[in-house]
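One structure below.
The values are calculated or read from the model by the stated rules, or taken from the named source; none is laboratory data. This structure is a prediction, so every number in the text was calculated from the model and none was measured. So basically every Cβ, Gly included, is an ideal-geometry build from the backbone, and we count neighbours across all protein chains shown. Just so you know, the surface numbers come from the protein's heavy atoms only, side chains and all, with ligands and any DNA or RNA stripped out. Shrake-Rupley method; radii C 1.70, N 1.55, O 1.52, S 1.80 Å.
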Amino acid sequence: MIVVDLISWFLIIFGSSFCVIAAIGVLRLPDYFSRIHAVGILDSVGAGALILGLMLQAGLTLVTIKLLMILVIIAITGPTATYALARAALDSGLKAELDEEDGSSSS
Amino acid sequence: MLAATAVALLCVRGLFVASMLTGIYSLLSTALFVLLDAVDVAFTEAAVGAGITTVLFLAMLSKIPSRSERSQAFNFQPLPFLVVLLTGGILVYATQDMPEFGDPKAPANLHVAPKYIIESEKETGLPNMVTAVLASYRGYDTLGEVTVIFTAGVGVLLLLGRKRRRVLGESVEE
Amino acid sequence: MKNNFIVREVANLFIPIIVLFGFYVQFHGDFGPGGGFQAGVIVAVGIILYALVHGLQKTRQLILEVYIRFLMAFGLLLFAATGLASLILGGEFLNYSVLGSDQLTGQHIGIILIELGVGITVAAVMVAIFFAFVGRDAK
Amino acid sequence: MSWFSHYNYWIVIFLMMIGLYIVICRDNLARKVIGLNVFQTSVFVLFISIGAVRGATAPILAAGFTEYANPLPHVLILTAIVVGVATTSLALALIVRINEAYETIDEDQIQAMDSDGKPWNI
Amino acid sequence: MMFAVATMAILLVIGLMLVRAFVGPTFVDRILAINGVGTATVLLIALLGFLTSRPEFLDIALLYALINFVGMLAVLKFFRFGDLSAGDE
């Protein structure tokens, strides 16, 4: 049991540290299209590792099933939302409605 | 953090951005309600604040022309600020008589709440006290609330449901 | 979303999940968090997602507005009828203890009926409001 | 009883002041609705924080817990949120109609139009 | 104990994202940051459920994960078409 605890704690710390890294990335990266990558980290590694850690912590109950559902939902909606965002930005960027700093350095 | 969002809501310029920030605002209040053990309330706030309110605001914004938002910066008006500050000061003074935060002996927690907590399981057989109180003990209240919602829906349908007709160049309704 | 394949498919995947989750909240509300208000809002959000992705025209053909208006009143009337039934069966208005054979079953039946009424009304009103807003021809 | 033990009320009052200020100062009617929402949320927080009990848990019966938060404010706020969204939608519907009638949603311009003696064409 | 550390980290994430949402130079920046805040709040609610040792309340996080997506799609549709009633054809 102590091994499972250790793994879950490691996963929780790992996931939350990746979340912090993603947030710093969103804050610091220079333009929009690179910020999308930072949010990708938050959606995939951060949320994934954190929820896996919580699943190990919860044991095999209904809680685990719900956590699994949350994980699946985040894993599907996150990339979809990011894709739609990038698409919207690209479309409006092509119409030159965006700021100059976007699109100039990324494309 | 909630307060910071509210300040930003005050200062932000475009209506579109403001309506998105209301989404964040309700989201943070959801987290706050979870922290304060109000699970059902957090549930409602999550469903309503993120989904319905944002969508309705956007639908409203798509019906009004964007030029009607004068691109005014945040202009500081001293007299209303003074009034608001005065009100806040009086209220802060008044809180000195209020019970402490989380005090189990507060008057609000002594009157009928222990009865609900102890007896709702026995009398209704439901583990969720909020549902028990909502549907059984305070059924009249809930009936009234549902009536209010129904009335609001009818009102919106009356206001917006008809197709607009134009008579002699003027927009004439009903 | 116009000609946006991925978003449309993912939304098609999620609409039944959202509505199913709404029904789960509706009927599980006695034991966990949730109840009629939340369930109604969630079901309405599912329908709104359909309208967002497939357009209002298609949604209106799918869900006729006559039904929505009927359901708006039906939920409220179900609520009131539950109260009246307990009144007729010898209790007070909205005292469900007389609905079942003993007090607990009576309360349970009454609470389920009332939550159902609340849920139907809230969902119908939210969908009706959304249709009224979006269907209004823009200026 | 320390000086800091009322901080929940201070947060509520701060939010309420912001909401009130938005309602008073902003001319845009949609802004006013947002301000009303902020005000509303402050009232929600006030009720919930009154009902919170230190060391208690959420009011759903479970094994091993004896202290529960006060369920009554939760019920009141639960209904208040849904009623709040219904009234908000009503206010937004009114804004749409005002915009159709006056071509603006700015309060000053609407009042200027009314005082001009121009007939209402609603 | 670990839950507390992780909760603090998620709160920090939400704070940083909010800064980006407030200063974001373009609309899409703000929408991106708001999406991030939504995901972080799902995690925060799940963690809070564990922190108060009542992990049954994951329903809220589940609901939020679903609703956040709908709100995001609505915002994006408004951003691209300026109208929510646009059809599919």
Fill in the blank from the handout: GNM of chain E, Cα pairs under 10 angstrom: of E:Val23, E:Val37, E:Val75, the biggest fluctuation goes to E:Val23
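As an exercise, use a Förster radius of 30 Å and the Cβ-Cβ distance of C:Leu13 and C:Arg60 to find the FRET efficiency, rounded to the nearest 0.05. It would help to have the intermediate numbers written out before the result.
On the way: r = 23 Å, r/R0 = 0.76.
My answer for the efficiency is 0.85.
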Exercise for the section: Please give the calculated 222 nm ellipticity per residue for chain A, where each DSSP H segment of at least 4 residues contributes -39500 (n - 2.57) and the sum is spread over every residue; nearest 500 deg cm²/dmol? Expected result: -27000 deg cm²/dmol
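Checking the a/c ratio against 1.5 first, then a/b against b/c, what shape does the Cα gyration tensor give for the range C:1-51?
Values: a/c = 4.82, a/b = 2.73, b/c = 1.76.
Prolate, because a/c is 1.5 or more and a/b exceeds b/c.
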Practice task
Under 1.5 on a/c is rounded, so check that first for the range E:2-81, then, if it is not, pick prolate when a/b is larger than b/c and oblate when it is not; a ≥ b ≥ c are the square roots of the alpha carbon gyration tensor eigenvalues.
Solution key: oblate
Fill in the blank from the handout: Counting only backbone N atoms under 16 Å from a point 7 Å out along Cα-to-Cβ of B:Asp141, the residues of the range D:76-97 in range are D:76-84
Practice task
Select from chain A the helices, each a whole stretch of DSSP H, whose alpha-carbon atoms run 27 Å or more along the helix axis and whose Kyte-Doolittle mean is at least -0.5; answer none if there are none.
Solution key: A:2-28, A:62-94
Completion exercise
Other residues with Cβ under 12 Å from the Cβ of B:Thr30 give, with Lys and Arg +1 and Asp and Glu -1, a net charge of -2
Fill in the blank from the handout: Diffing the range C:81-89: the Karplus 3J(HN,Hα) column from phi (6.51, -1.76, 1.60, θ = phi - 60°), in whole Hz with x for Gly and Pro, holds 5, 4, x, 5, 4, 5, 5, 5, 6
Handout entry: Computed over chain A: relative contact order in percent, which uses C-alpha pairs under 8 Å that are six or more apart
Key = 31
Exercise for the section: Could you pull the accessible area for C:Ser86 with a 1.4 Å probe, rounded to 10 Å²? Expected result: 0
Completion exercise
The long-range amide H neighbours of D:Tyr68, using H built 1.01 Å from N in the peptide plane and a cut-off of under 5 Å, are D:Thr57
Practice task
Would you mind checking the tilt of helix C:5-28 against the longest principal axis of the Cα atoms of chain C, expressed as 0 to 90 degrees and rounded to 10?
Solution key: 10
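Rounded, prolate or oblate: pick one for the range A:2-91, where a ≥ b ≥ c are the square roots of the eigenvalues of its C-alpha gyration tensor, a/c under 1.5 means rounded, and failing that, prolate if a/b is larger than b/c, else oblate. Numbers along the way, then the final one.
Numbers: a/c = 5.24, a/b = 1.78, b/c = 2.95.
Verdict is oblate for the range A:2-91.
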Practice task
Tell me the label-point distance for the pair A:Ala75, D:Gln109, using the 7 Å Cα-to-Cβ offset, in nm and rounded to one decimal.
Solution key: 5.1
Fill in the blank from the handout: Taking a crude spin-label model, label points 7 Å out from Cα along the C-beta direction, the A:Ser34 to A:Ile65 distance in nm is 4.6
Exercise for the section: Report, in deg cm²/dmol and to the nearest 500, the calculated mean residue ellipticity at 222 nm for chain C, where each DSSP H run with n ≥ 4 adds -39500 (n - 2.57) and the sum is divided by the residue count. Expected result: -27000 deg cm²/dmol
Practice task
Give me the compactness ratio for chain C, meaning the Cα radius of gyration over 2.2 N^0.38 Å.
Solution key: 1.26
Problem - Accessible heavy-atom area order of A:Lys66, C:Lys58, highest first, probe of 1.4 Å - result: C:Lys58, A:Lys66
Completion exercise
Per the 1/(1 + (r/R0)^6) rule, R0 = 30 Å and r from the Cβ atoms of B:Gln77 and B:Asp97, FRET efficiency to 0.05 is 0.40
Completion exercise
Expressed in nanometres to one decimal, the distance between label points 7 Å along Cα→Cβ at C:Tyr24 and A:Ile2 is 3.7
